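Before any comments, here is the structure.
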Amino acid sequence: MSTPDLTVRIGAMTMKNPVMIASGIFGYGDEFRGLADYGDLGALVLKTITPEPRPGNPPAHRTVETPGGMLNAIGLENVGLEAFVRDKLPAALEYGTNIIASIAGDTPEQFADCARALDGSEVAAIEMNISCPNVKKGGMAFGVDAEASAEVTAAARAATRKPIIPKLTPNVTDIAAVAVACEKAGADAVSLINTFSAMAIDVETRRPLLAAGTGGLSGPAIRPAAVCRVYQVAQAVNVPVIGMGGIWNASDALEFIIAGASAVAVGTALYADPSVAHRVLAGIRGYLERHAIESIEHLVGSLQL
Ligand SMILES: Cc1cc2nc3c(=O)[nH]c(=O)nc-3n(C[C@H](O)[C@H](O)[C@H](O)COP(=O)(O)O)c2cc1C
């Protein structure tokens, strides 16, 4: 059999394979330079940026390890839109693959401002972080409400021709309803899931372990819940779904693809192994060859019930 076709299309963006790095794990790409050839991956999603720089939450502690995962409450520390476009984006583009910017704001107008500023840039697509559980305004406040998600998606849609990809929160009763609202408002794809709202407590001091009190749970602990939500959303929308949540190896990624994800993103696992995404990619390719599947497209949503 010839080599399987791994190409994925999301709006006007073509990816050479379905493996991405999730937002917030990789910063703007600086810290990971030289650890692996990230240009081999389908796309790299950079840390969420906001119109103005943000300092984030107090450093002790922003992350805590929990069984099968971790909590984080970074609080969207970022360099701001202007410095991102000027200093960070040119360096990230040197990786030689699709660079996806992730944007956030307190209002739909702020999302639109970011989208507009990136319209003339070389980003391949724009992910909209409407699902961050660690900020007081904006963030998840949009993503927990279908109407607000649609409003912010429409605002970004009107401001750019780039593919836009709202990123959804699992902290809702009906994630598929939010996905459908985003699709109707002009989303080219949806990505999911962001982290689950979560908390850990030091029982001796009776204080939260995170400085912010609560945070977001990621890692293998959330994977079955993430696969379930990808399945529910893929049933409900016609646009591509990007799946993530606790992917540690190729088999994990294949679960998401079979459930309906056109592409997958590796997050927390990258902290354990900087080349985990490359292993995931090799494993997906090997699986397609072993099962004589000519194209990754044929595997997407192929769940047998
Ligand atoms: C330390 C850390 C920082 C994160 N920062 C962002 C962020 O800035 N924007 C965003 O959309 N998601 C952010 N996320 C969420 C991840 O992109 C991903 O959706 C989530 O962690 C689930 O995937 P995983 O279990 O593979 O990590 C962050 C996750 C972690 C662990």
Q | Nearest-0.05 FRET efficiency for Asp119 and Glu52, computed from C-beta distance (R0 25 Å) | A | 0.85
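What is the gain in length, in nm to one decimal, between Glu65 and Asp5 on full extension, counting 0.36 nm per residue of separation less the C-alpha to C-alpha distance?
On the way: separation 60, 0.36 × 60 = 21.60 nm, distance 3.78 nm.
Computed gain between Glu65 and Asp5 is 17.8 nm.
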Q: Report the local net charge at Pro108: Lys and Arg +1, Asp and Glu -1, summed over other residues whose C-beta lies under 14 Å from its C-beta.
A: -3
Q) So what's the gap between the Cα centers of the range 162-195 and the range 61-134, to the nearest angstrom? A) 16
(Q) Report the per residue volume, in Å³, of the convex hull enclosing the C-alpha atoms of the range 153-305. (A) 151
Q: Provide the packing ranking of 42-52, 185-195, i.e. peptides ordered by the mean count of other C-beta atoms within 10 Å per residue, highest first.
A: 185-195, 42-52
Q. If you take the Cα atoms of the range 15-84, find Rg, then find the Kirkwood Rh from the mean of 1/r over all pairs, what is Rg/Rh?
A. 1.02
Q: May I ask for the percentage of alpha-carbon pairs in the range 159-232 that lie more than 13 Å from each other?
A: 71
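Just want to confirm a number: the relative contact order over the chain, from Cα pairs under 8 angstrom separated by 6+ residues, in percent.
The value is 20 percent.
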Q: Quick one: pull the percentage of alpha-carbon pairs in the chain with a separation above 29 Å.
A: 29
**Q.** the range 1-145 - Rg (one decimal) and Dmax (whole number), Cα, Å
**A.** 16.0, 54
**Q.** Calculated [θ] (222 nm, deg cm²/dmol) that DSSP helices of n ≥ 4 give over the chain, each run adding -39,500 (n - 2.57)
**A.** -8500 deg cm²/dmol
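Every number here is computed from the coordinates shown, using simple stated rules; none is lab data. Note that this is a predicted model, so its numbers are computed, not measured. As a convention, Cβ positions derive from the backbone with ideal geometry for all residues, glycine included, and neighbour counts pool all protein chains shown.
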